[in-house]
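K.L.:
So that we are looking at the same thing, I have put the structure below in structure tokens.
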Amino acid sequence: MLQFVIKRFGQSIVLILIVTIITFFLMNLAPGGPSSMMRLDATEEERQAIAEQLGLNDPVVVRYGNWLVNAFQGDLGLSLSSGEPVMDRIMERVPYTLQLAVWTILISVIVGIILGILSAKKRNKWQDHVINFGSVIGLSVPSFWLAIMFILLFSVQLGWLPSSGVGGASLMEQFTSSLMPVIILSTATLPTIVRFTRSSMLEVVSQNFIRTSRAKGLKERVVIYSHALRNALIPVISIIGVLIPRLLSGTVIVESVFGWPGIGRLIVEAAEGRDYNLVMGVTVIVTIVVIISNFIVDIIYSKVDPRVKNVG
Amino acid sequence: MTGLLNVNNLSVDFKTDSGKIKAIEDVSFQVKPGETVCIVGESGSGKSVTSLAIMRLLEFENGEISNGEILFKEEDLARKTQDEMSNIRGNDISIIFQEPMTALNPVFTIGRQLMEGIQHHQKVSKQDAEKKAKELLGLVGINDIEDRMYQYPHELSGGMRQRVMIAIALACDPKLLIADEPTTALDVTIESQILTLLNELKEKTNMSIILITHDMGVAAEIADKIVVMYAGKIVEQGSVYQLFDEPTHPYTKGLLKSIPQDKGPRLKRLYSIQGTIPSLTQLPKGCRFHPRCEFATEKCLQEEPPLLKANEREVACWNYEDVIKKEVKQT
């Protein structure tokens, strides 16, 4: 276990380095500069002074080096647009994105597995076709369009749900305001889980040990929900690890459409304002979140499949 | 009608995309208490289908019993619901499959897979089920029982897994044990160990065994009675002595000749029956065996022979008298 953690930690460091290098250099290829330099009334001298002050006149490699040294000491610098510490700006946004992400994962996993089993049990019957059709629609319709249609229908026409914002303090308001974002985010993850559960279930039920469990006289319910499902979930768990990054990139669009003050929207704001420090900060934090969640997925995987060794 | 199991005129169909295929037709045989019956035949002859039909596991694999009855203790298993069958399977009738490597669930421990059948059928406490499970592992010759109980299938060898399968099958003291090629996937030394084990267990418990095999040598070692199947039908059945001393069907005769002999110099090539078993969708007219039979006459090409009965043995061949007299040719 310890060996696994150490190995994983080493790999993660390399991964974070690569991600930050790519982000830093790509970001600097984009034209323009921090919004504080973009003020219309700023004179050329003022701009030069700000650039000098922020160290923007140094070569890119030197700036990346400086950033890296500070980041390793836990200092992600100050936001170029607001002057607050980057860490503070990120942390005030994190809970909102977590709220969406956790609900989306929970709903996708629970509903996805249930629909997947149903689809496998009713293979080639109408239930299976309906679920399959729904999955294809969910996966292929762009989420920004779907989000706008939802707002038009449920907020503008019917007036049932708020079109944007996070709602007030009451639980009911929080529920109604997060409902649409969570559903839209789920359209990218839920169908994948349904399809994986279905195909994995169909593969497992044709295996010999299922015949053995029936030969023991076990009821069909036990055969399917204990023997088959436990095996069918193994590939489903690994796909959850893949879905987490997809989900986080989905928040960029969904949070922008619904005016949701989370990490996804923060990175859009940061990129638009050329707030280099903030972009880098969000990138690092998101990368760490993905790494940790994948680590958790791997631990669960090894607990479910006894054939996987050296983990957990 | 004194048998523990009486299979009468059993026929099984398989549903495929191109319609129904008759997998076995008109199969009848009897198993008496304490008797070992071997069903022998090549791959595709319908041996395993017969065993799955008795267990009523066919329905899960696109098969259905289209005709006949399976009387077990005077009750017709063919008419029972799956729910009723689940009280019989693993309890009165058990089965061992031929693939020990894949027949156990990879994510559950040996102990759990063993105890689950006991708890299902006998409604005993977990402690009692555990005690019984350990006894069973001892009975089938597994050592380090305390450790094995908590191990997973991938931690055991093929022979050990087959022993676990046997322990699972014996969990509720069945009256009838079906062993579907239990040693095919194992190497020869393990094979004889498993057969010896089955024989010992039979003596101890007085259960009946149906052993399915393609190996006449295995049948000779363990059987009281032999049923020979070919292309979905029984072609001959009789006691092991009758069949080995005086085979009356050319197919049986061929099978016996193809057992390697360990005596004498190996001067000759091992005998083999020419040709291959026909596909069930393209059965020949007349006797199903005639294209491979050296005794075949004009009649065999036209008419299917009935199962003739005499001296408690049965044979489906028009020319059985010739078969008894003549030696099959060496190819």
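The values are calculated or read from the model by the stated rules, or taken from the named source; none is laboratory data. Just so you know, these numbers come straight off a predicted model, no measurement behind them. Using ideal geometry, Cβ is built from the backbone for each residue, glycine included, and neighbour counts are taken over all protein chains shown. Surface accessibility is based on the protein's heavy atoms, side chains included, excluding ligands, DNA and RNA. Shrake-Rupley method; radii C 1.70, N 1.55, O 1.52, S 1.80 Å.
K.L.:
Kindly compute the accessible surface that chains A and B hide from a 1.4 Å probe when together, both sides summed, and give it to the nearest 100 Å².
P.N.:
In total, this chain pair buries about 2200 Å².
K.L.:
Still on this model: How big is the dipole moment of segment A:199-293 about its Cα centre under a simple scheme where the beta carbon of each Lys and Arg is +1, that of each Asp and Glu is -1, and everything else is neutral? Debye, nearest 20, please.
P.N.:
Dipole about the Cα centre, nearest 20: 800 debye.
K.L.:
Taking a threshold of 27 Å on the Cα-Cα distance, which of the pairs A:Lys216/B:Lys126; B:Lys257/B:Lys299; A:Lys216/B:Lys253; B:Lys204/B:Lys253; B:Lys47/B:Lys131; A:Lys122/B:Lys80 fall above it?
P.N.:
Correct reply: A:Lys216/B:Lys253; B:Lys204/B:Lys253; B:Lys47/B:Lys131.
K.L.:
Anything losing 20 Å² or more of accessible area from the isolated chain to the full protein assembly: pick those residues out of segment A:281-307, probe 1.4 Å, ligands and DNA/RNA ignored.
P.N.:
A:Pro306, A:Arg307
K.L.:
Shifting gears a bit: When we measure straight from the Cα of B:Lys268, which aspartates and glutamates land under 17 angstrom away, once same-chain ones fewer than 8 places off are left out?
P.N.:
B:Glu327
K.L.:
Specify, per residue and in Å³, the volume enclosed by the convex hull of the alpha carbon atoms belonging to segment A:166-312. Intermediate results must be reported in sequence, preceding the final value.
P.N.:
Details: hull volume 22.1 nm³, N = 147.
Cα-based convex hull of segment A:166-312, divided per residue, equals 151 Å³.
K.L.:
Only Lys, Arg, Asp and Glu count, each charged at its Cβ (+1, +1, -1, -1), so figure out the dipole size of segment A:97-311 about its Cα centre, rounded to 20 debye.
P.N.:
1400
K.L.:
With a probe of 1.4 Å, find how much accessible area segment A:97-311 has per residue, and write the answer as a whole number in Å².
P.N.:
Dividing the accessible area of segment A:97-311 by its residue count gives 45 Å².
K.L.:
Comparing the chain by itself with all protein chains present, which residues of segment B:144-184 are at least 30 Å² less accessible (probe 1.4 Å)?
P.N.:
B:His154, B:Ile168
K.L.:
Go through the cysteines of the protein assembly as shown and tell me which have no other cysteine Cβ under 4.7 Å away.
P.N.:
For the protein assembly as shown, the answer is B:Cys38, B:Cys172, B:Cys293, B:Cys317, because their Cβ atoms have no other cysteine Cβ under 4.7 Å.
K.L.:
With no solvent and one equal point scatterer placed on each C-alpha of segment B:250-328, evaluate the Debye formula and give log10 I(q)/I(0) for q = 0.26 Å⁻¹, two decimals.
P.N.:
-1.34
K.L.:
Let me ask something else about it. Taking each residue in A:217-227, count the Cβ atoms of any other chain within 10 Å of its Cβ, then average. What number comes out? Don't skip to the answer; put the middle values down first.
P.N.:
Details: counts 17, 7, 5, 4, 0, 3, 2, 0, 0, 4, 5.
That works out to 4 on average.
K.L.:
Go ahead and run the numbers for FRET between A:Ile110 and A:Ser199, Cβ-Cβ distance against an R0 of 25 Å, rounding to 0.05.
P.N.:
Numbers: r = 19 Å, r/R0 = 0.75.
Taking R0 as 25 Å, the efficiency between A:Ile110 and A:Ser199 is 0.85.
K.L.:
Another question, if that's okay. With charges set only on the Cβ (+1 for Lys and Arg, -1 for Asp and Glu), what does the dipole of chain B come to about its Cα centre, in debye to the nearest 20?
P.N.:
480
K.L.:
I would also like to ask the following. Report, as a whole number in µm² per second, the diffusion coefficient that Stokes-Einstein gives for the protein assembly as shown at 4 °C and 1.567 mPa s using the Kirkwood radius over alpha carbon pairs.
P.N.:
The diffusion coefficient I find is 43 µm²/s.
K.L.:
Distance from the Cα centre of segment A:276-300 to that of segment A:205-273, in angstrom?
P.N.:
18
K.L.:
I'd like to know which of A:Gln3, A:Leu29, A:Gln127 lies farthest towards the positive end of the charge dipole of chain A, counting +1 on Cβ of Lys and Arg and -1 on Cβ of Asp and Glu.
P.N.:
The Cα lying farthest towards the positive end belongs to A:Gln127.
K.L.:
In addition: I'd like the residues of segment B:112-141 whose 1.4 Å-probe accessible area shrinks by no less than 40 Å² going from the isolated chain to the full set of protein chains.
P.N.:
B:Glu116, B:His120
K.L.:
Going by amide H atoms built from the backbone, whose H comes under 5 Å of the H on B:Ile209, apart from near neighbours?
P.N.:
B:Glu35, B:Thr36, B:Val37, B:Leu177
K.L.:
So how long is each side of chain A along the principal axes, counting just the alpha-carbon atoms, biggest first, in Å?
P.N.:
Principal extents (Cα only, largest first): 85, 57, 34 Å.
K.L.:
With n ≥ 4 as the cut-off for DSSP H runs, can you work out [θ] at 222 nm for the protein assembly as shown, using -39500 (n - 2.57) per run divided by the number of residues, rounded to the nearest 500?
P.N.:
The helix-only estimate for the protein assembly as shown comes to -17000 deg cm²/dmol at 222 nm.
K.L.:
Here's another thing I want to ask about it. For segment A:97-311, which whole percent of the accessible surface, found with a 1.4 angstrom probe, sits on carbon and sulfur atoms?
P.N.:
Answer for segment A:97-311 is 70 percent, counting heavy atoms of protein chains only.
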